[in-house]
Amino acid sequence: MRILFVCLGNICRSPTAEAVLRHKLRELGLEAAIEVDSAGTGDWHVGKPPDSRTRQAAQLRGYDLCALRGRQVSVSDFSRFDLILAMDNSNLEHLQRLRPGGSTAELDLFLRRYDLALDEVPDPYYGGDEGFEQVLDLLEQACDGLLRELRVQP
Ligand code: 4NP
């Protein structure tokens, strides 16, 4: 199973989702069984580490994003991954346009798939610290939903 998280810049929401899911998989002893990655629809932050506010908020909850670097989503991701999960509707629309014919990768909106209170993970980039906490709250819940779907967590 190979899962890709996608947001706009790949420095706030999708790297957080990647780190949270990796952390939960490690706790379950499943890190080797499920491949996790993240990417952005934009190319502004390619090669850059995650946003410092994202790293700091995540660190306080025990998630380490230091090794992650930004990359842009590409057509080849539709054959490299089984499930591609977008953070908001704009990311999803971008992915639907990029998706090559005959692609077998499943594409969905992450929070909607797991029936959370919001459909989209709000972009925290231009907001205050509380936005980064909200991103973590939503992504922790959605990752639990994903683990239940994969039948690896009750
Ligand atoms: P992300 O947040 O999509 O969650 O990584 C953003 C990061 C950077 C920008 C926008 C959103 N930006 O405009 O540079």
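The values are calculated or read from the model by the stated rules, or taken from the named source; none is laboratory data. Computed from a predicted model, the values in this text were never measured in an experiment. As a convention, Cβ positions derive from the backbone with ideal geometry for all residues, glycine included, and neighbour counts pool all protein chains shown. Surface accessibility is based on the protein's heavy atoms, side chains included, excluding ligands, DNA and RNA. Shrake-Rupley method; radii C 1.70, N 1.55, O 1.52, S 1.80 Å.
Data for the structure
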item	result
Residue ID - nearest to the chain's Cα centre (by Cα), chosen from residues in the range 31-49 that are of a type in the set (Val, Ile, Thr) and farther than 18 Å from Cys66 by Cα	Thr41
Residues being without any contact (Cβ under 8 Å) to a residue 40 or more places away in the chain and open to solvent by 40 Å² or more (accessible area, probe 1.4 Å) - total across the range 142-154	4
The listed residue being more than 8 Å from the ligand (Cβ to nearest atom), open to solvent by 20 Å² or more (accessible area, probe 1.4 Å), farther than 24 Å from Asp119 by Cβ and in contact with a helix residue (DSSP H, G or I) (Cβ under 7 Å, 6 or more places away or on another chain), out of Glu27, Glu31, Glu35	Glu31
Of all residues in the range 75-88 being part of a loop (DSSP other than H, G, I, E, B) and open to solvent by 40 Å² or more (accessible area, probe 1.4 Å), the one that is nearest to Glu18 (Cα to Cα)	Asp82
Criterion violated by Thr104 - all others in (1) open to solvent by 30 Å² or more (accessible area, probe 1.4 Å); (2) modelled with pLDDT of 95 or more satisfied	(2)
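Results for (1) within 13 Å of the ligand (Cβ to nearest atom); (2) open to solvent by less than 10 Å² (accessible area, probe 1.4 Å); (3) in a loop (DSSP other than H, G, I, E, B); (4) of a type in the set (Lys, Arg), shown as yes or no for each residue.
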| position | (1), (2), (3), (4) |
| --- | --- |
| Tyr63 | no, no, yes, no |
| Gly70 | yes, yes, yes, no |
| Ser90 | yes, no, no, no |
| Leu111 | no, yes, no, no |
| Tyr126 | yes, no, yes, no |
| Glu140 | no, no, no, no |
